[in-house]
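> I am attaching a structure below and will ask some questions about it afterwards.
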Amino acid sequence: MTTLPGSQTGEHLDHISLGEQDAAAARSNMLLAVKLGILSEVMLFGALFAAYFVIRSESPGWPPVAGLERPALLLPGLNMLLLVASSGTMQWTVRSARSGDQSRIARWIRLTLLLGAIFIIIQGYEFATSGFGLDAGTFGSTFYVLTGFHAAHVLAGLGLMAIVARRARRGLVSAKHHTVVEATSYYWYFVVAAGVFLFSTLYVL
């Protein structure tokens with residue numbers, strides 16, 4: 001039986017269409033999984049913040065330890081500005097990925113990675129020079145648990161960005177294949193938002 005050329009072309013187009021649909025479904029599922037994972041992290045942060053506010057509301061003063069002062073605002077404030085700025089560079093990374101601009105993808109993700117790394121370095125310096133530790137009553141323990149938990153998430157975000165940077169360097173990120181960039185951006189935006197709330201809670205309120 002002879003197969004008509006037109007039917008072969010139609011089958012080929014059907015295969016392409018199904019392949020594109022499968023790729024779109026995989027991308028959608030991956031991004032949904034990332035969003036659900038972030039939602040679970042929001043719940044964890046929410047529980048920690050709830051515990052902090054309960055402990056603080058039941059304390060006669062804050063910090064509750066005599067002679068202990070809250071950390072100054074200047075250094076953490078500057079550090080927070082760096083973190084917020086990194087959300088902007090991450091957005092430019094996503095835009096570059098959607099347009100398929102390989103050089104700009106690599107440039108913006110490296111800048112975002114650098115800002116995040118500087119944040120961790122400054123955070124470590126603050127820990128070393130704060131003048132109090134975990135043994136400083138409930139204030140010290142809640143401060144280090146919250147900031148340490150957030151710092152761990154920043155480090156995880158840096159790991160994801162390192163993967164993106166490596167894939168971009170190998171030419172594996174393009175206008176059609178940039179799901180890993182968007183997934184990383186979702187996580188990083190969450191880390192930045194959590195950092196802003198953390199800064200407002202621990203240093204401002």
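> So how much slack lies between PHE149 and TRP92, counting 0.36 nm per residue of separation and subtracting their Cα-Cα distance, in nm?
Extending this stretch completely gives an extra 17.8 nm.
> Looking at the square roots a ≥ b ≥ c of the eigenvalues of the Cα gyration tensor of segment 29-131, which shape do they give, rounded for a/c under 1.5, prolate if a/b is larger than b/c, or oblate?
It is oblate, given that a/c is not under 1.5 and a/b is not larger than b/c.
> Carbon-plus-sulfur fraction of the accessible area of segment 154-205, 1.4 Å probe, in percent?
Looking at segment 154-205 in its full context, I get 66 percent from C and S.
> Next question. Which entry in (i) 47, 34, 31; (ii) 93, 33, 22; (iii) 55, 39, 26 matches Cα extents along the principal axes in Å derived from the coordinates of this structure?
Only one option fits the structure, namely (ii).
> Can I ask one more? Taking segment 87-205, how much of its Cα-Cα pair set, in percent, is spaced more than 16 angstrom apart?
Summing the P(r) of segment 87-205 above 16 Å gives 61 percent of all pairs.
> Let me ask something else about it. Please state, to two decimals, what the Cα-based radius of gyration of segment 119-186 comes to when divided by 2.2 N^0.38 Å (N = residues).
It is 1.57.
> Return the long-range amide H neighbours of ALA136 (sequence gap of 5 or more, or a different chain), with a cut-off of under 5 Å between placed amide H atoms.
For ALA136, whose amide H was placed from the backbone, the distant partners under 5 Å are SER141.
> Please work out the FRET efficiency for the pair ASN29 and ARG170, using the Cβ-Cβ distance as r and a Förster radius of 30 Å; give the result to the nearest 0.05.
Using R0 = 30 Å, I get an efficiency of 0.80.
> Sort segment 111-157 into rounded, prolate or oblate with this rule: let a ≥ b ≥ c be the square roots of the eigenvalues of the Cα gyration tensor; rounded if a/c is under 1.5, and if a/c is not under 1.5, prolate when a/b is larger than b/c, oblate otherwise.
oblate
> Using just the helices of the chain, give the 222 nm mean residue ellipticity in deg cm²/dmol: DSSP H runs with n ≥ 4 each add -39,500 (n - 2.57), and the total is spread over all residues, rounded to 500.
That comes out to -28500 deg cm²/dmol.
The values are calculated or read from the model by the stated rules, or taken from the named source; none is laboratory data. None of the values given here were measured: they were computed from a predicted structure. Positions of Cβ are generated from backbone atoms using ideal geometry, with glycine treated the same way; all protein chains shown enter the neighbour counts. What goes into the accessible areas is simple: the full protein's heavy atoms, side chains included, and nothing from ligands, DNA or RNA. Shrake-Rupley method; radii C 1.70, N 1.55, O 1.52, S 1.80 Å.
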